[in-house]
1. Would you check if Leu192 is of a type in the set (A, V, I, L, M, F, W, C) and near ligand 2 (Cβ under 10 Å from one of its atoms)?
2. Would you mention how many residues in region 163-189 are within 13 Å of ligand 2 (Cβ to nearest atom) and farther than 21 Å from Leu206 by Cβ?
3. With the structure loaded, tell me whether Lys223 is surrounded by fewer than 18 Cβ atoms within 10 Å (Cβ to Cβ), within 11 Å of ligand 2 (Cβ to nearest atom) and modelled with pLDDT under 95 or whether it fails that test.
4. On the basis of being near ligand 1 (Cβ under 10 Å from one of its atoms), out of contact with any strand residue (DSSP E or B) (no Cβ under 7 Å at 6 or more places or on another chain), open to solvent by 70 Å² or more (accessible area, probe 1.4 Å) and modelled with pLDDT of 95 or more, does Arg104 make the cut?
5. Has region 114-121 got at least one residue that is within 14 Å of ligand 1 (Cβ to nearest atom), within 12 Å of Tyr39 (Cβ to Cβ) and out of contact with any His (no Cβ under 7 Å at 6 or more places or on another chain)?
6. Go over the candidates Leu53, Leu47, Leu5, Leu59 one by one and state the one that is away from ligand 1 (no atom under 12 Å from the Cβ) and touching a helix residue (DSSP H, G or I) at 6+ places or on another chain (Cβ under 6 Å).
7. Does region 74-97 hold any residues that are under 17 Å from Thr19 (Cβ atoms) and either more than 16 Å from the chain's Cα centre (by Cα) or of a type in the set (Lys, Arg) (or both), and which are they?
8. Note down all Cβ pairs under 8 Å where the first residue falls in region 68-83 and is at positive phi, the second is outside any loop (DSSP other than H, G, I, E, B) and open to solvent by 40 Å² or more (accessible area, probe 1.4 Å), and they're at least six residues apart or on different chains.
Amino acid sequence: MKEALQIALDGPAGAGKSTIAKSLAKQLGYVYIDTGAIYRAVTYRALNEGINLEDGPALSKMIENMSIRLVPSDQGQRVFDGDEEVTDVIRSSEVTNNVSFVARQPEVRDALMDLQRDLAKHGGVVMDGRDIGTHVLPNADLKVFMTASVEERARRRHEENVSKGIPSDYEKLKEEIALRDKRDSEREVAPLRQAEDAHYLDTTTLSIDGVVLAIERLIEEVKA
Ligand code: CDP
Ligand code: CDP
């Protein structure tokens, strides 16, 4: 029986990747790795330093001076850039709406590849992102490509904002999500795409428990 699997979850914004990944990691005693947080930390720093978000070489130089750390905790994954904790600030709408410009620079993707692979090298990980199954962990034991209609994904994000008391406009969210998906899917390097050997899961009408159950079944198959 195979243990300490590498599980890759990819898909567009609001598909439920991080919610499901966290839940699976907890149940399995695995580490949850949110790779989007790495791209967000880079975007946050670039915005602060006034670096052109489409200047790949300048961004890659900046990354050389960063020390990005993902630290698991009971409250979820914490994110550090050197000694500075950036867990919450990287979720701002400014970062969210700019991250896909940074993420489409080939130099940025190259500079972040080793860090991501290193985090997963011992297995026992659930890693979520856009290119985990296609590029970061091409030999992952289980790959799932999760999606949902853009309306449902915007609705989920809207409800999440409302429940946290964050001002939210459903139509604007829908537009922003569609735009980010388009940029992530149409970029030349490592676009958002289902890996050939990934399982496709449309979660539009599924509850969180329903999705977790569906993936648990796939994990059992892999382990056997
Ligand atoms: O949580 P949400 O779906 O809003 O986004 P995220 O997973 O935090 O990712 C933020 C952005 O980082 C994405 O829209 C992509 O532009 C980029 N990203 C990427 O290019 N490759 C990854 N493996 C993960 C994220
Ligand atoms: O990580 P990603 O951007 O793919 O999505 P998420 O942040 O995990 O999920 C976005 C929101 O949708 C969260 O508030 C989840 O609780 C919710 N969700 C849901 O309502 N139904 C699902 N099947 C999955 C997630």
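1. No.
2. 6
3. For Lys223, the condition - surrounded by fewer than 18 Cβ atoms within 10 Å (Cβ to Cβ), within 11 Å of ligand 2 (Cβ to nearest atom) and modelled with pLDDT under 95 - is not met.
4. In short, yes.
5. Yes, because at least one residue in region 114-121 is within 14 Å of ligand 1 (Cβ to nearest atom), within 12 Å of Tyr39 (Cβ to Cβ) and out of contact with any His (no Cβ under 7 Å at 6 or more places or on another chain).
6. None of the others qualify; the one that does is Leu59.
7. Asp74, Gln75, Arg91
8. Gly76/Lys22
The values are calculated or read from the model by the stated rules, or taken from the named source; none is laboratory data. Here the structure is a predicted model, which is why all the values come from computation and not from measurement. Cβ coordinates were reconstructed from backbone atoms using ideal geometry, including for glycine residues, and neighbour counts include every protein chain displayed. When the accessible area is computed, the model is the full protein with side chains, heavy atoms only, and any ligands, DNA or RNA have been set aside. Shrake-Rupley method; radii C 1.70, N 1.55, O 1.52, S 1.80 Å.
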